[in-house]
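What follows is a short report on a single structure.
The values are calculated or read from the model by the stated rules, or taken from the named source; none is laboratory data. For clarity, every value in this text was computed on a predicted model and none was experimentally measured. As a convention, Cβ positions derive from the backbone with ideal geometry for all residues, glycine included, and neighbour counts pool all protein chains shown. Heavy atoms of the whole protein, side chains included, go into the accessibility calculation; ligands, DNA and RNA do not. Shrake-Rupley method; radii C 1.70, N 1.55, O 1.52, S 1.80 Å.
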Amino acid sequence: MAIDKMEQSLRPPELEMKPYPAKIITLANGEEMIVRQAKREEVGVILGTIQPLIGVQKDFYDIVAARMYAEVLGWYEYRVANEFVLIGSIDGEIAGIVTSRLVDGKEGVSLHTMTIKRGLRVGAQLFAAKMEHHIDILGNDEVHIVAESPIGFKRWMIEYALEDRSAQFPALRHELGGVPTFTLTRKLWENIRADKCTGTRPVPPVKLAKADKLKMPTEYPQIPGFKRG
Ligand SMILES: CC(C)(COP(=O)(O)OP(=O)(O)OC[C@H]1O[C@@H](n2cnc3c(N)ncnc32)[C@H](O)[C@@H]1OP(=O)(O)O)[C@@H](O)C(=O)NCCC(=O)NCCS
């Protein structure tokens, strides 16, 4: 078998997934963040944004960045089934990233959420956009979620009052290492959507055009002294 044919046969089967419709969110400091789906040709700028955070041994950035790097690469190389990546950008500069995937048409598995620009609830907004994509756009009935950091636990498990499925379904284990699984159900989402999920559509074309040219951050609050040339 030719190598390229063999490579293609290694790809997981993909569900057809509707694209995430871009939206615009006004953050607490008045800046506007555009949330939209990442495009395959943007893999370089996304990986370049994540890479410096692999070395940050604070707030679990290292493990989340290392895992997210692998997820984005896995998405690009067709090594993860039904994955999507959403990006939050401010003036085109990446402010946060989320990754996720579908098991099937009913179940979603939330992978990671990472904020680059801190203090504005960028991650909270992007996590809500990820849940919006799973349930409202892709039609999932539930999304399984784990926390890899105490801040993540506070943001998702506590602030969403997610269902702890670990006692009821001990066999249900999220694929990120088998830690106890929490679940966002459609019913729970419907009760909290208005509170958690903000933003407006459509995004004015001029603003969308700016967000179309993604840039890596020049500075990271997590890495004092970092300057990208
Ligand atoms: C978890 C995460 C996505 C939440 O993002 P967010 O909603 O944008 O929130 P921030 O990171 O800006 O702030 C979270 C908390 O950190 C603190 N914080 C805010 N700015 C900070 C800064 N510049 N430096 C350190 N801590 C800061 C605040 O206490 C804040 O808590 P509060 O707003 O609930 O009072 C983000 O903290 C992150 O990427 N963490 C590392 C990776 C991770 O843990 N991902 C989740 C895996 S489950």
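Comparing 30, 55, 105 in a Gaussian network model of the chain where C-alpha atoms under 10 Å apart are linked, the largest mean-square fluctuation is found at 30.
Taking square-rooted eigenvalues a ≥ b ≥ c of the alpha carbon gyration tensor, is the stretch 106-229 rounded, prolate or oblate, where a/c under 1.5 means rounded and, failing that, a/b exceeding b/c means prolate?
Numbers: a/c = 2.29, a/b = 1.43, b/c = 1.60.
Judged from the Cα gyration tensor, the stretch 106-229 comes out oblate (a/c at least 1.5, b/c at or above a/b).
Counting pairs of alpha carbon atoms under 8 Å apart in space and at least six apart in sequence, what relative contact order in percent does the chain give?
Working: 386 pairs, mean separation 49.4, N = 229.
Here the relative contact order equals 22 percent.
Each Lys and Arg adds +1 at its Cβ and each Asp and Glu adds -1 at its Cβ; summed about the Cα centre, the stretch 75-144 shows a dipole of about 300 debye. The H on the amide N of residue 93, modeled in the peptide plane, is under 5 Å from the matching H of 215, each at least 5 residues off or on a different chain. Close amide H pairs (under 5 Å, H built 1.01 Å from N) link residue 181 with 165, 166, 174, residues at least 5 positions away or on another chain. Carbon-plus-sulfur fraction of the accessible area of the stretch 109-229, 1.4 Å probe, in percent? Carbon and sulfur atoms account for 59 percent of the accessible area of the stretch 109-229.
Projecting the Cα atoms of 21, 152, 208 onto the dipole axis of the stretch 20-212, where Lys and Arg carry +1 and Asp and Glu carry -1 at the beta carbon, places 208 farthest toward the positive end.
Leaving ligands and nucleic acids out of the surface, order 216, 6 by accessible area at 1.4 Å, largest first.
Numbers: 216 65, 6 85 Å².
Ranked from most to least accessible, the order is 6, 216.
For residue 196, the aspartates and glutamates whose Cα comes closer than 19 Å to its Cα, not counting residues fewer than 8 places off in the same chain, are 31, 32, 132, 136, 141, 142, 159, 163.
Where only DSSP H runs of four or more residues are counted, the chain gives -8000 deg cm²/dmol as its mean residue ellipticity at 222 nm, each run worth -39500 (n - 2.57).
Per residue, what volume in Å³ does the convex hull of the Cα atoms of the stretch 1-97 enclose? Don't skip to the end; give the middle numbers.
Details: hull volume 11.9 nm³, N = 97.
Dividing the Cα hull volume of the stretch 1-97 by its residues yields 123 Å³.
The residues of the chain have, on average, 49 Å² of accessible surface per residue, using a 1.4 Å probe with all protein chains present. Among 26, 113, 198, 49, the sequence by solvent-accessible area, most first, with a 1.4 Å probe is 26, 198, 113, 49.
How do 4, 141 stack up against each other in accessible area, from largest to smallest, with a 1.4 angstrom probe?
Numbers: 4 100, 141 60 Å².
Output order, biggest surface exposure first: 4, 141.
Label-to-label distance, residue 56 versus residue 14, with points set 7 angstrom from Cα along the beta-carbon direction: 3.0 nm. Which one of 82, 98, 116 has its Cα pushed farthest toward the positive end of the charge dipole of the stretch 37-154, where Lys and Arg give +1 and Asp and Glu give -1 at the Cβ? Going by the charge dipole, the pick is 116.
The lysines whose alpha-carbon is closer than 19 Å to the alpha-carbon of residue 106, local same-chain residues fewer than 8 away aside, are 18, 130, 187. Of all beta bridges that DSSP places with both ends in the chain, some 90 percent have antiparallel geometry. What does the C-alpha gyration tensor say about the overall shape of the chain? Classify as rounded when a/c is under 1.5, otherwise prolate if a/b is larger than b/c, or oblate. Rounded. Annotation: for a label point projected 7 angstrom from Cα along Cα→Cβ of residue 28, residues of the stretch 100-120 with backbone N closer than 18 Å are 114-120.
Test of understanding: given the chain, find the longest segment containing no trypsin sites (Lys or Arg not before Pro) that are in a DSSP loop and have at most 15 other Cβ atoms within 10 Å. With trypsin sites (Lys or Arg not before Pro) excluded where exposed in loops, the chain gives 119-212 as its longest stretch.
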